[in-house]
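Single-structure report; data block below.
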Amino acid sequence: MAQKGISVIICTYNGAERLNETIAHVAQQVIPAPISWEVVLADNGSTDNSAETGQREWEKHAISTVPFRVIKEKKAGKLFALQKAVNAANYEYLVICDDDNWLAPDYLNKVWQLFTAMPDVVALGGFGIPVTNGVALPEWFNDYTYAYAVGAQAKETGILAPRAFLWGAGMATHKSVYQEMYKTVPSLLPEHNETNILSAEDTEYSLRLQLKDYKLYYDDSLVYQHYIPAARLTVAYREKLLKGFRDSYAILGKYHTAIRVKTKFGNRPYRWLFLMIASLWTMVFSRKKHSRERARNTLFFLIPSSDKNNPILNSIRTFLKDTKIINGTSNDL
C-alpha cells in the first residue's frame, strides 16, 4: 500500500507554455510539515520541451524536501499518462492537476483535511475559476462552463447524487481505490480508439466509483483557476469539446444505465418486474432511438442473457462481477 501523503500528478502534452504558472502554483502550496508530498509530471509524448520546462520551473522554487519526478508515456491520450503516473505515485492521496490548472495555496492542505475527516469519501472535486490571457470571455461562455471544467460541480457542498461525476481538473482521490477500479476491467474508452473520447476518463472513473458504492464529494472551498487561452474560446473549439462528450456517451451512457438500475432496483423484487415491463414497453412503442437504446441496456442489467454480443455491456457486467439481477435477486445492484 502507498505511504500516507499526497502525490500531485500533472499530465501534459506540449504544455511548455502552460507549465510555468501551473507548477509555480503547486510550489506555493502551504502545507503543515508532517504531511509528505511529491510532484509527478507525466509527459504524454510531448514534442516540445515540456519535461525540461517543468523541471526547470520547479528548481526555481528550491523546495528540497518535496521530490519532483518526470515520467514519460508515449501512447497518446491523457488516460494512459494518468494511469502510468498513478502507478508511479508514492503516496496514497492523489491530486490530478491538469497542466492549465492553478491550485489555490491551501488546496493540498484542504484535500488532506477532507480525506482525514471523511474516511468514507474516496474522491473530491472543487470550484474552478476561469482565467484568460487578457481576452474577455465570450457571451456564450456561461452556458458552457461545465465543458471547460469551471464553476460549481454541484448545487452545494456535499456528497454527489447518483450518476453525477467529478471533473478531472483538480480531482483528488485514493491511489489504492483508483487501481482497484481498473484491476480486472481496463478502461472501456480506448476501445473506440479516439483521443477526444479518452478525455472522458474522469467521468468513467466517477461512474465506476458509484457502481461500487463509493462516495464522491464536492467542496466549493476547494478552489483552482483554469487557464483558458484565446484559442480555446472559439466556437470551433467549444464544439470540439461538445463532440467529445457526445462521442463518449456511447460508452458512458451504459454506465449511467447500470447506476440507474442499481438505484431504482436495489434488493426490491417488485421493482425488477416494473423496470422490465417498462423497458419492454419502451423498446416496442417509443419513437426515440435514444430511449429504445436505454431500455435495451436496462434489460441487459435486468436479464444479462438479453445481449450477449455487446462487449461494452458485458465489460461493465464483468466489472460488477458480484452483481446478480436475475429473477429479482440482487447482491450489488
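The values are calculated or read from the model by the stated rules, or taken from the named source; none is laboratory data. All figures in this text were calculated on a predicted structure; none of them were measured in a lab. Neighbour counts run over all protein chains shown; Cβ positions are idealised from the backbone, glycine included. In case anyone asks, the SASA skips ligands and DNA or RNA and just uses the protein heavy atoms, side chains included. Shrake-Rupley method; radii C 1.70, N 1.55, O 1.52, S 1.80 Å.
Tell me yes or no: at least one residue of the stretch 137-146 is within 19 Å of LEU252 (Cα to Cα) and surrounded by 15 or more Cβ atoms within 10 Å (Cβ to Cβ). No, the stretch 137-146 contains no residue that is within 19 Å of LEU252 (Cα to Cα) and surrounded by 15 or more Cβ atoms within 10 Å (Cβ to Cβ). Is it true that ASP99 is touching a Lys or Arg at 6+ places or on another chain (Cβ under 6 Å), among the charged types (D, E, K, R) and surrounded by fewer than 21 Cβ atoms within 10 Å (Cβ to Cβ)? Here the answer is no, as ASP99 does not meet what is asked. Of the candidates TYR91, TYR107, the single residue that is touching a Leu at 6+ places or on another chain (Cβ under 8 Å) and touching a residue at least 12 places away in the same chain (Cβ under 8 Å) is TYR107. For the stretch 215-241, the tally of residues that are in contact with a strand residue (DSSP E or B) (Cβ under 9 Å, 6 or more places away or on another chain) and open to solvent by 30 Å² or more (accessible area, probe 1.4 Å) stands at 7. If the condition is being open to solvent by 10 Å² or more (accessible area, probe 1.4 Å) and not aromatic (Phe, Trp, Tyr), then the stretch 102-121 contributes ALA104, PRO105, ASP106, ASN109, LYS110, GLN113, LEU114, THR116, ALA117, MET118, PRO119, ASP120.
Filtered by the rule that a residue be open to solvent by 50 Å² or more (accessible area, probe 1.4 Å) and assigned to a strand (DSSP E or B), the stretch 148-186 gives a lone residue, ILE159.
Here GLY125 passes the criteria (1) in a strand (DSSP E or B); (2) farther than 25 Å from TYR13 by Cβ except the one numbered (2).
Looking for something in contact with a Phe, Trp or Tyr (Cβ under 6 Å, 6 or more places away or on another chain), part of a helix (DSSP H, G or I) and open to solvent by 70 Å² or more (accessible area, probe 1.4 Å) - is there at least one such residue anywhere in the stretch 256-265? Looking for residues that are in contact with a Phe, Trp or Tyr (Cβ under 6 Å, 6 or more places away or on another chain), part of a helix (DSSP H, G or I) and open to solvent by 70 Å² or more (accessible area, probe 1.4 Å), one finds none in the stretch 256-265, hence no. Taking the stretch 25-46 as the range and being open to solvent by 10 Å² or more (accessible area, probe 1.4 Å), within 22 Å of VAL223 (Cβ to Cβ) and aliphatic (A, V, I, L, M) as the test, the residues that pass are ALA27, VAL30, ILE31, ILE35.
Would you confirm whether any residue within the stretch 79-90 is among the aromatic types (Phe, Trp, Tyr), surrounded by 23 or more Cβ atoms within 10 Å (Cβ to Cβ) and under 22 Å from the mean Cα position of the chain (by Cα)? Scanning the stretch 79-90 turns up no residue that is among the aromatic types (Phe, Trp, Tyr), surrounded by 23 or more Cβ atoms within 10 Å (Cβ to Cβ) and under 22 Å from the mean Cα position of the chain (by Cα). If you go through the stretch 316-326 and keep only what is in a helix (DSSP H, G or I) and at pLDDT below 90, you end up with ARG317, THR318.
Residues that are among the charged types (D, E, K, R), in contact with a Phe, Trp or Tyr (Cβ under 9 Å, 6 or more places away or on another chain) and in a strand (DSSP E or B) within the stretch 201-253 comprise ASP219, ASP220, listed in sequence order. The number of residues in the stretch 300-315 that are out of contact with any Leu (no Cβ under 7 Å at 6 or more places or on another chain), at pLDDT below 85 and not polar (S, T, N, Q) comes to 3.
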